[in-house]
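Worksheet: one structure, shown below.
The values are calculated or read from the model by the stated rules, or taken from the named source; none is laboratory data. Keep in mind that what you see is a predicted model, and the values were worked out from it rather than measured. Glycine gets a Cβ as well: all are built from the backbone with ideal geometry, and neighbour counts include every protein chain shown. Ligands, DNA and RNA are excluded from the accessible area calculation, which covers all protein heavy atoms including side chains. Shrake-Rupley method; radii C 1.70, N 1.55, O 1.52, S 1.80 Å.
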Amino acid sequence: MKSLYINTRFFLLLIAVGFSYVFAFFFPILMNFAHLFLVLLIIVFLVDYLFLFTEKQGINAQRILPEKMSNGDENKIKIDVKNNFRFKILVKIIDEIPFQFQKRDFVINQKILSNKNVLLEYILEPKERGEYSFGNLNVFAQSQIGLVSKRFQFQKNAMLPAYPSFIHLRKYELMALQNEFLLGGIKKIRRLGHTMEFEQIKEYVPGDDIRTINWKATSKRNQLMVNQYQDEKSQRIYLLIDKGRTMQMPFRGLSLLDYSINATMALSHIILKKFDRAGMMTFSKKTENRVVADNKSGQLKKISEALYNIQTNFYESDFSRLYTDVRFNIGQRSLLLLFTNFETLDAVNRQMKYLRGIAKNHVLVVIFFKNSELQNLINENPENMQEVYDQIIAEKLEFEKKLIIQELRKYGIYSLYTLPENLNIEVINKYLEIKARGIL
């Protein structure tokens, strides 16, 4: 009887029977109608019960889960339900989704014809990496009478991991191959000069760049010959992620650390597609999660596994330790993209000697974040004195971020200042720009 549930319709009819007896007390002629109403209700209840409970395997249901969820993205969860009853039923599906989503009103209602199955789906958008445990998949079936429901339970205690964002990797790859990204319009990366590796000498054809003419080969062959180049490959790119307390700040449900991790995943994919070597490390009090730059098969999976369990802490990040580890572990000149967050010029100046030390032997790009709340304050039209003060403070903080960019530029350190939600596109664009300009 644990699977028996009495529906609201039965209680409403039972209340109606009660009212009929109340009226029969004042009008005795209605007593027989009240008795008949009660008997009919009991009979219909028993019939409805027999319809549902004589069939042991009346419902088959299966939750179809992906291999893993993509953090910060919409993930589709599918439910396949089959009706084995000999009549049409109405099912109410209550999936016990992981507690991290805090959804207490999850329900799907669906009508299913006899011996038919339906494929339903819903969306989950995780906001943190880690393990997500599902409970029971509960399916409540009721006939057209609708007085009782029978509960069926399936797939108890399923677990699904959430990894750094990977759903849109293919989209970023296609954009990178075209060297353009959609961000308030199309931003194209200009190629300046010939920052490429020599491939071969070939005959000149109309349209070839006359600056690539090889005069020595031309004189030998007595016809125009040109040098052909290909993009320089196997350059080392390291992504350095600060996991100190400044990266705990949340925007739209995700922390700055999670935005940085998702961008690392997306950029690593593009780096490997460009035949460069991708590597990473994280740091706070010490450097951890080190993955040596390489472009072998399985490198992206290795980076994904390293990013899976990274969490912020509330320590002040030790840039001196980062400088020491970079100096002794990254010997060859590389492109280093440092994900961190500086709020004030003083914070940058405290770490400047270490940043300059890193930039002396490598191409360093410091990536830090715009505060979207400050941007909203700056763009608003103040209506009272308090809002005027708030806007002035926001403009002051924004101006200080511009001073940070100038200070970094003064010492030959590149920077990227972006909104968290635009980070993936902006950081890939920065990588393509540096390759196109031959800075590395």
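Figures for the structure shown
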item: Span from the the stretch 378-413 Cα centroid across to the the stretch 278-296 one, whole angstrom; result: 33 Å
item: Mean separation of Cα contacts under 8 Å, 6 or more apart, over the residue count of the chain: relative contact order %; result: 13 percent
item: Inter-label distance, nm, simple model (7 Å from Cα along the C-beta direction), residue 361/residue 38; result: 9.3 nm
item: Residue 318 long-range amide H proximity, modeled H, under 5 Å; result: 284, 285
item: Pairwise label distance in nanometres, residue 90 with residue 249, each label 7 Å out on the Cα-Cβ vector; result: 5.1 nm
item: Label zone at residue 108, where the point sits 7 Å out along the Cα-to-Cβ direction: the stretch 136-166 residues whose backbone N lies under 13 Å; result: 137-140
item: Backbone N under 16 Å from the residue 346 label point (7 Å along Cα→Cβ), restricted to the stretch 365-393; result: none
item: DSSP-defined beta bridges in the chain - what % are antiparallel, rounded to 5; result: 70 percent
item: Modelled FRET efficiency - R0 30 Å, residue 288 with residue 80, Cβ distances, 0.05 increments; result: 0.10
item: Calculated FRET efficiency for the pair residue 159/residue 315, C-beta based, R₀ 35 Å, to 0.05; result: 0.70
item: Over the chain: Kirkwood hydrodynamic radius from C-alpha pairwise inverse distances, Å; result: 27.2 Å
item: Cα-projected label distance for residue 125 with residue 406, points at 7 Å along beta-carbon direction, nm; result: 3.8 nm
item: Segment residue 216-residue 379, length gained on full extension (0.36 nm per residue, minus Cα span); result: 52.6 nm
item: Modelled FRET efficiency - R0 45 Å, residue 327 with residue 62, Cβ distances, 0.05 increments; result: 0.25
item: Surface share of carbon and sulfur [accessible, 1.4 angstrom probe, percent] for the chain; result: 53 percent
item: Residues in the stretch 113-146 reached by a label modelled at residue 5 [backbone nitrogen below 12 Å; 7 Å Cα→Cβ]; result: 137-142
item: The chain - mean residue ellipticity at 222 nm from DSSP helices (-39,500 (n - 2.57) per run, n ≥ 4, rounded to 500); result: -12000 deg cm²/dmol
item: Solvent-accessible area per residue for the chain (1.4 angstrom probe, square angstrom); result: 55 Å²
item: Rounded to whole Hz, the Karplus (6.51, -1.76, 1.60) HN-Hα couplings of the stretch 358-367, x for glycine and proline; result: 5, 5, 5, 10, 9, 8, 10, 10, 8, 10
